[in-house]
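Peer 1: Okay, handing you the structure first.
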Amino acid sequence: QVQLVESGGGLVQPGGSLRLSCTASGIIFSINDMGWYRQAPGKQRELVARISRFTTTNYADSVKGRFTISRDNAKNTVYLQMNSLKPEDTAVYYCNAGPPYKGWGQGTQVTVSS
């Protein structure tokens, strides 16, 4: 039974920062690639950032230079540090683990607004 629990979302002003966390259970965390995704109403779910089991990272062009993904295998947790937030970052943020990738959890809402 795989469980992925996201937390850390909230309301923030443009230019502000948030740090999201995703804690996993039911998997061998250290051998899984981890990714952060987001979806806004009416839009496709998109990959925001990923970090491999070897700690190789990749970012969407829209967040490059502003967001940082990291992982702590001892805590079974992946983080997304989000700086210089923009209104277009508003979305529900999800994490996932794989391969093979798992079902989607509830996500955490990030709202960037004045």
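The values are calculated or read from the model by the stated rules, or taken from the named source; none is laboratory data. It should be emphasised that the depicted structure is a prediction, and the values quoted were computed from it without experimental measurement. Cβ atoms come from the backbone with ideal geometry, glycine included; neighbour counts cover every protein chain shown. We work out accessible area using only protein heavy atoms, side chains counted, and drop any ligands, DNA or RNA first. Shrake-Rupley method; radii C 1.70, N 1.55, O 1.52, S 1.80 Å.
Peer 1: Conditions first: (1) open to solvent by less than 50 Å² (accessible area, probe 1.4 Å); (2) at positive phi; (3) touching a Lys or Arg at 6+ places or on another chain (Cβ under 7 Å). S84 passes all but one, so which condition is the exception?
Peer 2: (1)
Peer 1: Next up: With open to solvent by 30 Å² or more (accessible area, probe 1.4 Å), in contact with a strand residue (DSSP E or B) (Cβ under 7 Å, 6 or more places away or on another chain) and of a type outside the set (A, V, I, L, M) as the only criterion, which of T108, T90 stands out?
Peer 2: Answer to the check: T90.
Peer 1: Now for a separate question. When you look at T55, is it part of a loop (DSSP other than H, G, I, E, B) and β-branched (V, I, T), yes or no?
Peer 2: So T55 passes the test.
Peer 1: Give me the pairs: first residue in the stretch 9-27 and modelled with pLDDT of 95 or more, second residue basic (K, R) and not in a strand (DSSP E or B), beta-carbon distance under 7 Å, and six or more apart or on different chains, which are they?
Peer 2: P14/K86
Peer 1: OK, next. When you look at R50, is it farther than 14 Å from G105 by Cα, at pLDDT 95 or above and open to solvent by 60 Å² or more (accessible area, probe 1.4 Å), yes or no?
Peer 2: yes
Peer 1: Specify the residue that is surrounded by the fewest Cβ atoms within 10 Å (Cβ to Cβ); the eligible residues are those in the stretch 27-47 that are outside any loop (DSSP other than H, G, I, E, B) and among the polar types (S, T, N, Q).
Peer 2: S30
Peer 1: Oh, and also: Got a sec? Which of A24, A60 is touching a Ser or Thr at 6+ places or on another chain (Cβ under 8 Å) and surrounded by 14 or more Cβ atoms within 10 Å (Cβ to Cβ)?
Peer 2: A24
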